[in-house]
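I have placed the structure first, in the form of structure tokens, so that the comments after it can refer back to it.
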Amino acid sequence: MDICYLVPGIGLSSAEKARREAVLNKIAAPGTTVRVCGVADGPTSIENAADEFKAMPNVLAYIVGHQNEFDAFILGCAGDTGLDGCREQSARPVIGPGESSILLGTLGGKMFSMITISPERARTKRRMVRDAGFSEHRIVSSHSLGIPVLELPKDVARTKAALIGCLREAKAKGAEAMLLGCMSVAFMAPEVLASASQEAGLPLVNPIVSAVKMAEALVSMDQYGRDSQRAAAQ
């Protein structure tokens, strides 16, 4: 199984792409390969709705142009940049990390909160919950770290402190889990995320894991269906 993780912006260094690829392949099941790919042009990072719209044409062009190279595509933004259009034009599964974390991370009826980088991005999370088919009462709160995407890894202590603060606020409001709504936060060192979660006393739902596992599940279901059709035709 070959999966493309498509970064919608052009601001990540080659070293960071390689690090993220290693993380993704640790999560993937044996026999699955995840490759981090990049668009030809677009915003440096996805900070707001305007950046999303700038990224969409290049994201769509890449996915349409690489249909024969991959079994599935993961959009490398927890805001699921261009998800609907890409699914419309792709014969392969296209996974949005935001949607996958909502669907898989809240099983069992958990009340949850979501976190991202800015108040503007935080407001979009309620729309994503509605689009995923959930009642808005399930989302307790949306939180902002107040740190731009490319600044997140520069001061890990600052980012972790902001994350802990948001986790504590969400727990006080009744959340049972926090969904990470930014992939740059999700790709922080696992020990940093685990420490923040433990200190605040609130579980994290990581969209990296949910996206990879949903991609594997959708490809497996598609393969099973095709195998069943061939067997029935024999």
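What follows is calculated from the coordinates using simple rules that are stated; it is not laboratory data. No experiment lies behind these values; they were computed from the predicted model shown. Methodologically, a virtual Cβ is constructed for each residue, glycine included, from the backbone with ideal geometry; neighbour enumeration extends over all protein chains shown.
Summary of computed values
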| read-out | value |
| --- | --- |
| 5 angstrom amide H check on V205, placed H, neighbours 5+ away | M178, L179, L180 |
| Around E136: net Lys/Arg minus Asp/Glu count, Cβ-Cβ under 9 Å | +3 |
| Full-stretch length increase - L104, D131 - with 0.36 nm per residue and alpha-carbon distance subtracted | 8.3 nm |
| The chain - percent relative contact order, Cα under 8 Å, separation 6 or more | 20 |
| Principal-axis tilt of helix 119-131 within the chain, Cα atoms, nearest 10 degrees | 50 |
| Cut-off under 5 Å, modelled amide H: who pairs with I95 long-range | F73, I74, L75 |
| Contact order relative to length of region 2-96, as percent, for alpha carbon pairs under 8 angstrom and 6 or more apart | 34 |
| T44-E191 FRET efficiency (beta carbon distance; Förster radius 22 Å; 0.05 resolution) | 0.20 |
| Stretch gain in nm, segment V64-Q223, where the contour uses 0.36 nm per residue and the Cα spacing is subtracted | 55.2 nm |
| Whole-Hz couplings from phi, Karplus 6.51/-1.76/1.60, listed for region 3-16; x for Gly and Pro | 10, 9, 9, 9, 7, x, x, 10, x, 7, 6, 4, 5, 5 |
| Long-range amide H partners of L145 with built H, under 5 Å | T116, I117, S118 |
| Added length on full extension, which subtracts the Cα-Cα distance from 0.36 nm per residue, R168 to R35 | 44.4 nm |
